[in-house]
Structures are given as structure tokens and as C-alpha cells.
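A.B. asks: Please read through the structure below; I'll follow up with questions.
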Amino acid sequence: MYLPAYFNESRADVLQALMRARPLATLVTTCDSGLTANHIPVETQAEPAPHGMLRGHIARANPLWKEYRENSEALAIFQGPQAYISPSFYPSKRETGEVVPTWDYAVVHAHGTLRFIEDRIWLRALVERLTDRHEAPRRAPWKVADAPPPYIEKMLSLIVGFEFAVTRLTGKFKLSQNHPAANRAGVVRGLRDAGGEDSREIADLLSSLDNEPQVAPQDEPHHEQRK
């Protein structure tokens, strides 16, 4: 991933917070059949330090658990909020006209290795934790125990669990840091006016940055910071 220094986010707690908020990971692996990608909701744990652990499950019918090359590196991609940035957001548009569209976003790449687990007790505990977390906001949360035990046992027999030992975390929070303060303030206003959950989240992230924005180097104009 191309990562200019001013877009780099390295704080593990910040990265793990995004991973928990957006738990549907794109899991990329190299198998005997080639490069594969699966989209899997995962549980993010801060331990073991320093990078933590991911846990999830896949369908037993998914060939991944048999084709994965043991100890080979895997990549889990977490896509955070993202929003189109219009040149009309920038005050500098009126001053110089030297602005172009771009995209602001936050993503996390977790690198590590996979270990597959078939233990039924482990699987049930994982499914219960995932269910309890995602049902928590509901008025009447559904629980695994609400379903007939034989049915749950049957469902557990159809999945395989995994642990993803994270060896490296990389975060790219592209939040207009390469623009001057006035343009960044304009982006916040423009996104709030635009509405939508992602636009509001990007505006909040941009507003929460601790440091003053950096101006892009002369050899890296704004329109090259889209990706």
C-alpha cells in the first residue's frame, strides 16, 4: 500500500478501534489454487500485544481451510469510512483555481498467519461472542440459546473457525493532511453539509487530528494523493 508519511496512522488502539467498528474484513490469502479473497466478519482482540489477534469462522464447504499454505502470510483489509472530496470544498479554489477532486478514507491492513480450528466448544464460544456483540444494540437481542440446541449443533458442524495471529498493522488515514488548514476546514464543512454516515465520520476524523496539517511536497501535487 502506498503510504505517504502524513497519511500514516500507527497507533494500535486507533487501528483496532476501526477494525472493531468495521468488522467485515477482506481476507486475502495465497492458496494452491492461487490468490483468493474472502469477506468475513471477525472479532478483533488487542491481545497478544503488540498487534493482537483476529478470530472468525468460514463455511466448512469453503476450500480455504484446506488449501491455505500453512504459515504463509495472509492479509486482512478493513475498510473504514470514505468520502468524495469536491474541489468546491476548498477556499483555495476561489483564490487560485488550482484544485482537483480527491477521496478521503481510512483503511487498516493486518498482516499475519492463519490457524484453523474445528473444536466445537471453541466455535460455539466464538459464535456466541460475535452474536452478543452485534445484537447488543437491539431492543430484544437474539441469543444463540434462543435456537433449538440440535439446530445449533448442526450449524456448528458446518463451519470451521480460525485465528489470525497479527504480525503487523498498517493504517492509512487519508484525511486531507496534505492541504493547508483553511482547505481542511472547508472539507469538514462540505462533508457535514453533504450528509451521510461516511461523510460525517470522515469529517469527525479530520476534526480530531491532533497535529496541524502538513502541506504536500512540491513533487507530490494534491491530485496524486487519491490512492
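A.B. asks: Given the options Y68, Y84, name the one that is touching a residue at least 40 places away in the same chain (Cβ under 8 Å) and among the hydroxyl-bearing types (S, T, Y).
C.D. replies: Residue meeting the stated conditions: Y68.
A.B. asks: How about region 169-191: which of its residues are among the basic types (K, R) and either exposed (fewer than 13 other Cβ atoms within 10 Å of the Cβ) or closer than 20 Å to V99 by Cα (or both)?
C.D. replies: Within region 169-191, K174, R184, R189 meet the criteria.
A.B. asks: So, one more: Yes or no: region 95-104 includes at least one residue that is within 15 Å of the chain's Cα centre (by Cα), without any contact (Cβ under 8 Å) to a residue 60 or more places away in the chain and either buried (at least 17 other Cβ atoms within 10 Å of the Cβ) or closer than 30 Å to G34 by Cβ (or both).
C.D. replies: Looking for residues that are within 15 Å of the chain's Cα centre (by Cα), without any contact (Cβ under 8 Å) to a residue 60 or more places away in the chain and either buried (at least 17 other Cβ atoms within 10 Å of the Cβ) or closer than 30 Å to G34 by Cβ (or both), one finds none in region 95-104, hence no.
A.B. asks: In the list L27, L3, L15, which residue meets the criterion of being closer than 26 Å to L209 by Cβ, crowded, with 17+ Cβ neighbours inside 10 Å and among the aliphatic types (A, V, I, L, M)?
C.D. replies: Of L27, L3, L15, the one residue that is closer than 26 Å to L209 by Cβ, crowded, with 17+ Cβ neighbours inside 10 Å and among the aliphatic types (A, V, I, L, M) is L15.
A.B. asks: For the structure I just gave you, tell me whether L123 is in contact with a strand residue (DSSP E or B) (Cβ under 7 Å, 6 or more places away or on another chain), surrounded by 16 or more Cβ atoms within 10 Å (Cβ to Cβ), assigned to a helix (DSSP H, G or I) and touching a residue at least 12 places away in the same chain (Cβ under 8 Å).
C.D. replies: Judged against the criteria, L123 is a match.
A.B. asks: D198 passes all but one of (1) at pLDDT 95 or above; (2) over 19 Å from A17 (Cβ atoms); which number fails?
C.D. replies: Tallying (1) at pLDDT 95 or above; (2) over 19 Å from A17 (Cβ atoms), D198 fails exactly one: (2).
A.B. asks: I've got another one for you. R55 - would you say it is outside any loop (DSSP other than H, G, I, E, B), modelled with pLDDT under 95 and over 25 Å from S208 (Cβ atoms)?
C.D. replies: Here the answer is no, as R55 does not meet what is asked.
The values are calculated or read from the model by the stated rules, or taken from the named source; none is laboratory data. Since this is a predicted model, take the numbers as computed values, not measurements. Cβ: placed from backbone, ideal geometry, glycine included. Neighbour counts: every protein chain shown.
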